Structures are given as C-alpha cells and as structure tokens.
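Remarks on the structure that follows.
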Amino acid sequence: MKILQLCAVDFTLYHFLLPLMRGLREAGHDVVGACTRGELAGKVEAEGFRVIGIDIRRSANPFALWRTHRAILAALREERFDVVHFHTPVAALAGRFAAWRASVPRIVYTAHGFYFHDRMPWPLRAAHVGLEWAAGRVTDLLMTQAEEDATSARRLRLARGPIHAIGNGSDPARFRPGGGDKARVRAEIGTPPDRPVILMVGRLVAEKGYPELLAAMRAIDAELWIAGERLASDHAGPIDAAIDAVRVDPVLAARVRLLGYRQDVPDLMRAADIFVLPSHREGMPRSIIEAMLSGLPVVATDIRGSREEIVDGKTGLLVPIADPAALAAALGRLADDPVLRQRMGEAGLVRARDLYDEAKVVARQIELFGNVVAAR
C-alpha cells in the first residue's frame, strides 16, 4: 500500500512516528510523511522518507481549520494514497474530512490523547466530542494509545470502523538502566554525584504541570532537571511567570536546572533518580515509559494514560492534578528513600519491558492496517 502519515508538525513526525514509518516500510509498504515543515523534516528525509510540506495551523478557529482542510485536500488530490493515517487533533479533524472528499480508500486516525477530558467545562467538552463524532463518520479505523480512551471512543461511537487500544512504547535498547555516563552528565550540568535528581521532560507549557512542580520544589531537598522547550506552534498556556519566579527565588534557583531541548534524554534518564510528569491531561505519555525502561520510579498525576502505565505504590506514585502539596509529598518521599526508589524502579522496568516495547506496538498497528484493508 501507499500510506501517508500526516500530523501537524515535524516534531511529532520525527520524535513519535518514525518507528511506525520504518516498520511499515519493512513490511513492504510505500510510506510518506506530511506535516508543517521545520528543521526536523530533514532528519526524517535523511532516513529515506519523502516528507510533504503542508501548512497545518494548530488552531480551532473555524477559519484556520478551513484553511488547514483546504491545504490537506490539495495535497491529497495531488497524488493518490491507499491509506492516510492521521495524528494530532487539528490535523486529524480537518484532514479526515479532506481525505473523504479526496476519495481516499482508507482513513485511519490514532488519537494520542483526546483533547476533551473530564475537567473540561461541559459545553466545551460536548463541542469537542461532537466534532470527534462527526469526523468518526468517515474514519475506517480508530486507534487510541490508552485503553481508557478506547473505552470512551466505543461508548461515544467515535468511528464508523473498529476501535482498538494499541498502547504506546519506546526502544529498550535506547532507554535502559545503568551505563557509565552518570558521573559525566552530572558533572556537565553541575550536579553533585550524591544529590537526588528529579527529571521532567516535556514542552514548556502550563498544562504539563510546571507551575505546581516548581511550587512543590520549595519543599524538596533535591535538584530538578527540566528538559524541554516551548514549540513555536504551541497554543497551550505559557509558564513564563513561573520561570521568572524561579530566577529571583534563591531557594528555587539553586534547585532547578532549565536544560532546554535535549537530544541526550536517555543519558539524562540514566543520570537521574526520579522521573516526574504532573500533567493535567495526556494520551499515554511516552516519557513515563522511557523513564520506566531506564529503571526510574515515576511520580505522575492521576490522569488517563499515566494511571494505566503506573502501578500506584509499586512502580511509582500517583497524585491529584494541580496539587503542589501532594506532589511535594510524593517526590520528597522518594528523594529521601533510595531503597524505595530502587524497588519501584526495578518493578517499573519489568512492567515496561513486558508491556511497552516499541516493536510490539508497531507490529500491532501493522496488523490492524492489514485487517482494515481486508475488511473493505
């Protein structure tokens, strides 16, 4: 088959979709990527994939959605694909209708995390569910990462075709415990060898829980490494005020390290002691899987996806959303107890290797592609 993998930005294409693209190519398919081009598109092309540049605007504004719809429609009419596989909410919403208008034989959508969630005001939630339902009338296969999302999608009938939870995964060869780089990484960052280190990896936006995390760090005798940046296309709330507060607070300034965008996340994982992800919403976060594969205990908010990955009290600790005190208590408990950290990290490693091996997730998707084609 000739398959198009389409998402909003090349960050997603490069960091999240390359393993699937490689797997589909190895299975004999002709695989093409499409997104708004940036500096990472060239890295995808360097692996032998063609990348189509499409102006996809990450905005729910109706006029922006219409422009995105027309841009995707024009690209799909320019060449014929057997399957178009959509990712990211705006691209998937505008794009599925475009694929239907372009008479694409198979329309597939992976919801990496539905935009609607339980804490959203009900009128807004109802609107987002309604849009997903409408786009589902032209969706031949809907895949979610979290089982909780798949259950919601079946109940709300968000696809005309089958709905499957595929899980999420990462590469155990890249993310693994141990290694000789711990001392080097800590020395480069300026962290003492025996200092407890908490690691957070994620975009610098408020919905990732940074304001609560930074507030919690006032009560924790440990160092926090933050690896991430704000994308130019991000519409989520910024954390500029929280970061400014860190710089003028002598306690936080001594405990928080803003590392920016990093390409050595596996090394950071191996040099840290605890991983934290206090997000307000997620799909099924890969960063937690990477931390578990690295042998780290995880503290995260009790939200969909995260609570599926973490066994509370065994592989990590779950805390309420937007609760700095609970977050501080959980992180402090682990920072003060190296034996507990080791026990939870080892249990998380076993769980991640069993359930979240990237190769298994890719194989699952390729099988579902074949099933949906055979069914039509």
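Details
- Relative contact order for the stretch 79-137: 36 percent, from Cα pairs under 8 Å spaced at least 6 residues apart, divided by residue count.
- As a calculated quantity, the FRET efficiency between Ala187 and Ala46 at R0 = 22 Å, using C-beta atoms, amounts to about 0.10.
- Our coupling estimate for the stretch 201-217, obtained by passing each phi through the Karplus curve with A = 6.51, B = -1.76, C = 1.60 and θ = phi - 60°, is 10, x, 4, 7, 9, 5, 5, 7, x, 4, x, 5, 5, 5, 5, 5, 5 Hz, Gly and Pro reported as x.
- Amide proton proximity set for Leu199, modelled H, under 5 Å, gap of 5+: Trp225, Asp273, Ile274, Phe275, Val276
- Long-range amide H partners of Asp302 with built H, under 5 Å: Val319, Ile321
- Gained length - Met1 relative to Ile366, 0.36 nm times residue gap less alpha-carbon distance: 130.2 nm
- The stretch 173-328, relative contact order [Cα under 8 Å, separation at least 6], %: 28
- Contact order relative to length of the chain, as percent, for alpha carbon pairs under 8 angstrom and 6 or more apart: 14
- HN-Hα J in Hz across the stretch 313-327 - Karplus 6.51, -1.76, 1.60, θ = phi - 60°, x for Gly and Pro: x, 10, 10, x, 10, 9, 10, x, 5, 6, 10, x, 5, 5, 5
- Distances between placed amide hydrogens fall under 5 Å for Phe114 paired with no residue 5 or more residues away or on another chain.
- Each residue of the stretch 30-44 is assigned a 3J(HN,Hα), and the resulting list reads 8, 10, 10, x, 8, 5, 5, 6, x, 6, 8, 4, x, 5, 5 Hz, derived from the Karplus form 6.51 cos²θ - 1.76 cosθ + 1.60 (θ = phi - 60°), x at Gly and Pro.
- Shape call, the stretch 110-177: gyration tensor on alpha carbons, a/c limit 1.5: oblate
- Here the Kirkwood formula puts the hydrodynamic radius of the chain at 21.4 Å, using every distinct Cα pair.
- The modelled label-to-label distance between Leu258 and Arg218, using points 7 Å beyond Cα along the C-beta direction, is 1.9 nm.
- With kT/(6 pi eta Rh) evaluated at 25 °C and eta = 0.890 mPa s, and Rh the Kirkwood radius from Cα pairs, the stretch 137-237 diffuses with a coefficient of 139 µm²/s according to Stokes-Einstein.
- Across the options Gln263, Leu331, Tyr210, the greatest Cα extent toward the positive end of the charge dipole of the stretch 182-355 (unit charges at beta carbon of Lys, Arg, Asp, Glu) belongs to Gln263.
- Among Ile226, Val138, Ala41 the positive-end extreme of the charge dipole of the chain (Cβ point charges): Val138
- Cα-based shape type of the stretch 1-144, given that a ≥ b ≥ c are square roots of the gyration tensor eigenvalues and the cut on a/c is 1.5: prolate
- Antiparallel DSSP beta bridges within the chain, percent to nearest 5: 0
- Scattering curve values for the stretch 182-355, log₁₀ I(q)/I(0), Debye with Cα scatterers, q = 0.08, 0.18 Å⁻¹: -0.21, -1.17
- Shape category assigned to the stretch 239-307 from the gyration tensor of Cα positions, a/c cut at 1.5: oblate
Only the coordinates and a few stated rules stand behind these numbers; no lab work does. Not measured: the values here are computed from a predicted model. Neighbour counts are summed over all protein chains in view; Cβ atoms, including those assigned to glycine, are modelled from backbone coordinates with ideal geometry.
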